Structure formats: C-alpha cells, structure tokens
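Worksheet: one structure, shown below.
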Amino acid sequence: MEYRYLGKSGLRVSALSFGTWVTFNDQINDDVAYNCMKEAYDNGVNFFDNAEVYSGGEAEKMMGRVIKRAEWKRSDLVLSTKIFWGGSGVNDRGLSRKHILEGTDASLKRMGTDYVDLLFCHRPDFETPMEETVRAMNHVINQGKALYWGTSEWSAMQIMEAYQIAKREHLIAPLMEQPEYSMLHREKVEKEFKHLYSEIGLGTTIWSPLKSGILTGKYNDGLPSNTRLSLPGYEWLKERLLSDDGQKDIQKVRELTVVAKELGISMAQLALTWALSNKNVSTVITGASSANQVKENMKVLDFVSLLTEDVLAKIEGILQNKPSPENNMK
C-alpha cells in the first residue's frame, strides 16, 4: 500500500480507501461487510469513510460492529463521517452549531468510537453563517471528538471563505475536501481547486471514481437488473444512463474498455488507476459488495506504471473532456 499525506497535514492515509455508501445495510449484511473491510485492511487500507445519512445511520452502526468484531487497534485506523442530513427534525439537518454538535455525538455513538479522525461538512449550508459552522467544527475538535475537519462538494470559494475565517479567528481551518472525481467528472478537482493545493495545502478524498458503476463497463451492453439501479432512491441514475448524455458516456466507456483490455486489466481497474495517478488526490475511496471486488480494486496499485504518456493520450482522445486552462483575463 502507498500512503499519502492528507494535504499539508502530517496525517497519512492509504492511497486506496474504503467507503460504505450504497452497500452497507442496503446491499450487504454484517458478514459480507466484515469480509470486505478485512480484505481492505489486510491490503493496507487504513482510511474508512462513512456519513450520518448513509442508510439512515445504519451504515455507521454496521462499520462499528465490524471494527469491534475485528478487534483492530484504533490508532491504526483513520475513520471519518459526514454531517448534514441527520434526520427529519427541524434542526436535524444543515451545519448549525446545534446539528454539528448533536449530529457528531449521534454518529460517534452509532460507530462505537470516542472520536473520528476526519469530520466532513457533507454539503454547504446556505442558511447558516459560515463563521458559525467554522466555530462549531473547531469546538468538536477541541472536545477531542474529531481530529481534523473538512468539506464535501463545496466550491473553491466556499472553502476559501471558511479558511479565511479560521485564519482570522486563529481557529483550525478545513484540511480536506471530498469531491466527486472520475474520468467522467473532472472539472472541480483538475480546475476549480487547482490553486487551493498550493495556496492552502488542500487534500482530497475523492468519491465515485467509477461514476456510480458506469466506469466498470457493466452498462456497456444494456441495464442489468442486479445493480444499484434496482435500489429505491436510484431512479435518477437510470434516467441519466438512458439520457443522451448518459449514452454518450457509455459509448466512451465502451472505447475505454478496449484500452483496458489491451493493458490486461479490467475497465474498473483502469478507471481507479487513472484517478490514483493524479498527484492532487490524497486517497481514492472505493466501495464493494464482496471481498473479491475489494481484492480486485487493491491490485490497481501495481498498474499506475501502465499509464504511459501514450496510453494517457489515447484515453484523453476518447474522453475529450479535459478541463480548459484558466482564462488569463479572469
């Protein structure tokens, strides 16, 4: 396993990590979850990602049970959760001081741990003053319930606003951002955040590197029934796949699958390897519904050298979506 520093911090996270979104409690039971996490851990994964909203909190409970069963040393793990959608109560969502403090306590109880290493603001809250959120996240850290804090799907401008407030008030600034990033979704990581890597030392814990399964190639020949498309709440994905843009993406994946075959790897492994090769990616969050999938994902650490300049050029020729450089007149 390769370990990368999370931004400019001294915290090192495995370049490949493991997340619970979609699978935990919705697709797999405790035994399968245990086998998946153990396979990841045995391959050197130390970062395990979660959120209060995943399966209505059940994903956090399941992860907590797995960790207790495995009897892993807590200091060997980097655990995260994300706060924003905590329930149906009027104050159970958003980034108010009240929900951040109460939501964090509830997550820790579900996970069966005294603290998380990383605490994310799962989305920006346009109704709560930024200073209230920054101070609340610092309060959680000062209580020892989280070690670092960051954001998920925030804009560069919002991250900088939080950073500047923290510096002005001598508080701990957000350390990391968790953006979506894949061959089919590049703008934010490669363009919008570009100045933040050097200016504030931002780290990234990227999610959906397989673009909701599209980059596995399993939709190349149609829409199989035994995927997340059959899960309640994922109707939007089916609609997108059937749209004109979705069909264009699938055609790109068909062509990329040929490249993967030439390299002797799977389409999913090509997509993960491509994301892993970005030096501004601290860790690639992977998901799996079986231990065998985890095992296949872990192999990509050996495949980065396959992405030569010629191969990358071929990939770009297929994708045709590389973000344009910043306009000098901006």
If you add up the charges near THR20, with Lys and Arg at +1 and Asp and Glu at -1, over every other residue whose beta carbon is less than 13 angstrom from its beta carbon, what do you get? -2
Taking a ≥ b ≥ c as the square roots of the Cα gyration tensor eigenvalues, with a/c under 1.5 meaning rounded and otherwise prolate when a/b beats b/c, else oblate, which class fits the range 1-104? oblate
Tilt of helix 58-70 relative to the longest C-alpha principal axis of the chain, in degrees (0 to 90, nearest 10)? 90
The chain, relative contact order [Cα under 8 Å, separation at least 6], %: 20
Total formal charge among the other residues, if their Cβ is under 15 angstrom from that of GLY201, Lys/Arg +1 and Asp/Glu -1: +4
Charges only on Cβ, +1 for Lys and Arg, -1 for Asp and Glu: so what's the dipole of the chain about the Cα centre, in debye to the nearest 20? 360
Return the long-range amide H neighbours of VAL78 (sequence gap of 5 or more, or a different chain), with a cut-off of under 5 Å between placed amide H atoms. PHE47, PHE48
Between TRP236 and GLU132, how many nm apart are label points set 7 Å from Cα along the C-beta direction? 2.5
Once you place label points 7 Å from the Cα toward the Cβ at MET157 and HIS139, how far apart are they in nm? 2.8
Between the helical axis of 97-111 and the dominant principal axis of the chain, each derived from Cα atoms, what acute angle in degrees is found, rounded to the nearest 10? 70
Inverse of <1/r> over all distinct C-alpha pairs of the range 203-319, i.e. the Kirkwood Rh in Å, gives 15.0
Just the number, please: percent antiparallel of the DSSP beta bridges in the chain, rounded to the nearest 5. 15
Would you please put 191-204, 216-229 in order of how densely packed they are, using the mean number of other Cβ atoms within 10 angstrom per residue and starting with the highest? 191-204, 216-229
Span from the the range 223-283 Cα centroid across to the the range 105-135 one, whole angstrom: 31
If the chain between LEU319 and LYS194 were fully stretched, how many nm would it gain, using 0.36 nm times the residue separation less the Cα-Cα distance? 43.0 nm
Protection-proxy order for peptides 36-43, 89-96, each taking the mean of Cβ atoms within 10 Å per residue, highest first: 36-43, 89-96
Rounded to the nearest 500 deg cm²/dmol, what is the calculated helix-only ellipticity per residue at 222 nm for the chain, with -39500 (n - 2.57) per DSSP H run of length n ≥ 4? -12000 deg cm²/dmol
Can you return the lysines within cross-link range of LYS322? Criterion is Cα-Cα under 21 Å, with same-chain partners fewer than 8 residues away left out. LYS188, LYS191, LYS194, LYS211, LYS248, LYS252, LYS279, LYS314, LYS330
Once the in-chain neighbours fewer than 8 apart are removed, the aspartates and glutamates whose Cα is under 14 Å from LYS109 read GLU52, GLU58, GLU60
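Coordinate-derived values only; no laboratory data. All figures in this text were calculated on a predicted structure; none of them were measured in a lab. Note: ideal-geometry Cβ built from the backbone for every residue, glycine included; neighbour counts use all protein chains shown.
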